[in-house]
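Structure provided below as structure tokens; questions to follow.
The values are calculated or read from the model by the stated rules, or taken from the named source; none is laboratory data. Because the structure is a prediction, the values reported are computed rather than measured. In this analysis, Cβ positions are derived from the backbone assuming ideal geometry, glycine residues included, and neighbour counts consider all displayed protein chains. What goes into the accessible areas is simple: the full protein's heavy atoms, side chains included, and nothing from ligands, DNA or RNA. Shrake-Rupley method; radii C 1.70, N 1.55, O 1.52, S 1.80 Å.
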Amino acid sequence: MKNTMSEIKEHNTTTVKITRSARLRGDFQIPGDKSISHRSAMFAAIGNGESRLRNYSSARDCQSTLDCLEALGVKIQRENDQILIEGVGLDGLREAARVLDVGNSGSTIRMLSGILAGQNFTTEITGDASIQRRPMKRVIDPLTLMGARIEARENNFAPLKITGGNLKAIEYTPPMASAQVKSCTLLAGLFAEGKTTVIEKTPTRNHTEVMMQETGAAIEIEALDGGERISVTGGQSLRALGEYTVAGDLSSAAFFIVAALISPDAEIRLRHIGINPSRTGLIDVLKQMGGQIEIENPRLAHGEPVADLLARSSELRGNLELSGAVVANLIDEVPILAIAATQLDGSLTIRDARELRVKESDRIRAIVDNLRQMGIEVEEFEDGFRLTGKQQLRGARVESCDDHRIAMAFTVAGLIAEGETEVGGADAASVSLPEFYQLLARSGGSIH
Ligand code: S3P
């Protein structure tokens, strides 16, 4: 298939310099969760009626989702963090006049593919250089089994050309723990004839299931020997989300939580953060290490658990070996967990994290290379790494590898490093949290 879009060279070029910082103080709200924001926009679009999404993520990725939905004929008004979406129902999307561009967003391309597979028209969808290197066979496989026709470079890479319609339900067990694959299949299931079932051997974040329930879709969830069996019947019409406030992003909060734990005399309170148990593995692990994190005012908002989180300077200790389900639960937090582990009186071993090699960058490589640049001894495995603390971080030039979570994790490392740290390609942070440097500087982080 011809690449109809010239490869987007979206390299991040800003360098940020960080020096040692003490007495971090903060009390603020983090913008809406990226995973929930993507889903809220997609469900609002295929629901019936109007939805007003508040605290919608400012992440570049979530703006890409809105752009793609607009290109498919959905009317969207953006008023800062409030997004007004006129739902078109399951049959209301229109063929796009252009190639859809998801930018850096794996969630957009993989989940939207599920919706596109349900349409009686053809859509071409692609993204930046990183997206064009990330595996898509994982969504092509279930969607093809359901009857969609998908062309892809080497049957695995974007651009994807998706011709949908007339889907039939399947029962599918994804070969890897992936909420994106589960969500893609369940979203396609909404358009299929019959009952689509996804069997997860290792449970992943369940925001899609929660939101299906919020929009009135009948969905069945059954516990299964450590995993789960989730089924949805096609053809049901969905309610709009209506007035919906997105919970704050725990994966973004994680950088501030770890910054507070490892810096001297620090205290940071983060308000209205999503604490869905399918996402809180990092909090559990940090607490096991002796991290002082308090969960205040736990409550439920639109089916999603939320709370205020208070993190304080802590002495971290313990010998932890993480693998299996807990790694799937905290997969996005591994970069910042590695930074916390440098300050651990003990050791941290991460295994079963092979998926990190196919994220926005090869995150195992990026973590190991950058830690070594900063003078840290770390052993690399194909599916993880081992690190023994407590080690002194030394200021150095590190690279974001055009990966938002690497940029933010190593900025936090710079807060406790001896000397000056330079993070190259630091603007990658805006893929999930454009406000990151501003919020950290406002909390006392020494950043220029
Ligand atoms: C996401 C799922 C995870 C995660 C990504 C967001 C989601 O990816 O890494 O940042 O919103 O469903 P996989 O499902 O591919 O593991």
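What shape does region 361-430 take by its C-alpha gyration tensor, where a ≥ b ≥ c are the square roots of the eigenvalues and a/c under 1.5 counts as rounded, a/b above b/c as prolate, and the rest as oblate?
Because a/c hits 1.5 or more and a/b fails to exceed b/c, region 361-430 counts as oblate.
Using only protein heavy atoms and a 1.4 Å probe, report how much of ASP265 is accessible, in Å² to the nearest 10.
Here the residue's solvent-accessible area equals roughly 80 Å².
What nm distance separates the two modelled labels at GLU418 and GLU70, each placed 7 Å from Cα along Cα→Cβ?
Output for this residue pair reads 5.1 nm.
While we're on this one: Taking a label point 7 Å from the Cα of ARG229 along the Cα→Cβ vector, which residues of region 163-178 have an amide N closer than 16 Å to it?
Backbone N within reach: 170-174.
Right, next: Which of the lysines could a cross-linker span from LYS201 if the Cα-Cα distance has to be under 17 Å and same-chain partners fewer than 8 positions apart are dropped?
LYS182
Between LYS17 and ARG372, what length comes free when the chain is fully extended (0.36 nm per residue of separation minus the Cα-Cα distance, one decimal in nm)?
126.0 nm
Expressed as a whole percentage, what fraction of the accessible surface of region 170-209 belongs to carbon and sulfur atoms when a 1.4 Å probe is rolled over the protein heavy atoms?
Roughly 46 percent of what the probe reaches on region 170-209 is carbon or sulfur.
Along Cα→Cβ, 7 Å out, is where each label goes; now give me the distance between the ones at ASN319 and ALA441 in nm to one decimal.
Result: 4.4 nm between the two label points.
If you don't mind, another one. DSSP loop (so not H, G, I, E, B), at most 16 other Cβ within 10 Å: list which trypsin sites (Lys or Arg not before Pro) in region 262-354 pass both filters.
ARG351
Accessible area per residue of the chain at 1.4 Å probe, in Å²?
36 Å²
Positive end of the dipole of the chain, charges at C-beta (+1 Lys, Arg; -1 Asp, Glu), about the Cα centre: which of LEU371, THR14, GLY165 has its Cα farthest in that direction?
Final value for the positive-end residue is THR14.
Tell me the accessible surface of HIS448 in square angstrom (1.4 angstrom probe, heavy atoms of protein chains only), to the nearest ten.
Roughly 110 Å² of HIS448 is accessible to a 1.4 Å probe.
Now for a separate question. Protein chains only, probe 1.4 Å: how do LEU84, LEU433 rank by accessible area, largest first? Please list the in-between numbers first.
Values: LEU84 25, LEU433 0 Å².
Per-residue accessible area, sorted high to low, gives LEU84, LEU433.
Read phi for every residue in region 166-180 and hand back ³J(HN,Hα) as whole Hz from Karplus 6.51 cos²θ - 1.76 cosθ + 1.60, θ = phi - 60°, with x for Gly and Pro.
6, 6, 10, 5, 9, 10, 9, 10, x, x, 10, 6, 8, 5, 5
Separate question: Is the chain rounded, prolate or oblate when judged by the Cα gyration tensor, a ≥ b ≥ c being the square roots of its eigenvalues, rounded requiring a/c under 1.5 and prolate requiring a/b larger than b/c?
Prolate is the answer for the chain, as a/c is 1.5 or above and a/b outweighs b/c.
Per DSSP H run of n ≥ 4, the term is -39500 (n - 2.57); total these for the chain, divide by its residue number, and report the mean residue ellipticity at 222 nm rounded to 500 deg cm²/dmol.
The helix-only estimate for the chain comes to -8500 deg cm²/dmol at 222 nm.
For region 314-446, rounded, prolate or oblate, judged on the Cα gyration tensor with a ≥ b ≥ c (square roots of eigenvalues), a/c < 1.5 rounded, else prolate if a/b > b/c?
Oblate, because a/c is 1.5 or more while a/b does not exceed b/c.
Could you give the length gained on full extension between ARG354 and GLU50, defined as 0.36 nm per residue of separation minus the Cα-Cα distance, in nm?
That works out to 105.4 nm of additional length.
Could you tell me the calculated FRET efficiency between GLU382 and GLN288, based on Cβ-Cβ distance and R0 = 30 angstrom, to the nearest 0.05?
On the way: r = 25 Å, r/R0 = 0.85.
With R0 = 30 Å, the Cβ-Cβ based efficiency is 0.75.
Give me the distance in nm between label points sitting 7 Å out from Cα along the Cα-to-Cβ direction at GLU243 and ARG394, one decimal.
Distance between the two pseudo-spin positions: 5.7 nm.
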